[in-house]
Amino acid sequence: MGGALLRGILASGVAPRGLWAATKSDASAQAIADELGVATCTRYAEFAASSDVIVLAVKPAQIDLALRDL
């Protein structure tokens, strides 16, 4: 779901340099970085403090963990 949102945002003309994506694994972070050209990490807290907007695109069962990490 998050990948689809990122693709749509990028397709609208937003530059990849202004976007970050956080995933659960290094492999998926690398795949997203390679495909979309956005910065990636595996820890939400790495980018949260410097972000103006955060979009949580996680499954409902993962929301508590995602929010706890922020």
Subject >> Exposed-site-free run, longest, the chain (rule: trypsin sites (Lys or Arg not before Pro); DSSP loop; at most 14 other C-beta within 10 Å) >> reply: 44-70
**OP:** Determine the equivalent ellipsoid of the chain by diagonalising the alpha-carbon gyration tensor, then write out the semi-axes as square roots of 5 times the eigenvalues, largest first, rounded to whole Å.
**Re:** 19, 13, 12
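So, with +1 on the Cβ of K and R and -1 on the Cβ of D and E, and no other charges, what is the size of the charge dipole of the stretch 12-70 about its Cα centre, to the nearest 20 debye?
Here the stretch 12-70 has a charge dipole of around 100 debye.
Since every read-out is calculated from the coordinates, none of them should be taken as a lab result. Remember, predicted model here, so these are calculated numbers, not experimental data. When we count neighbours, we look across all protein chains shown, and the Cβ atoms used for this are built from the backbone with ideal geometry, even at glycine.
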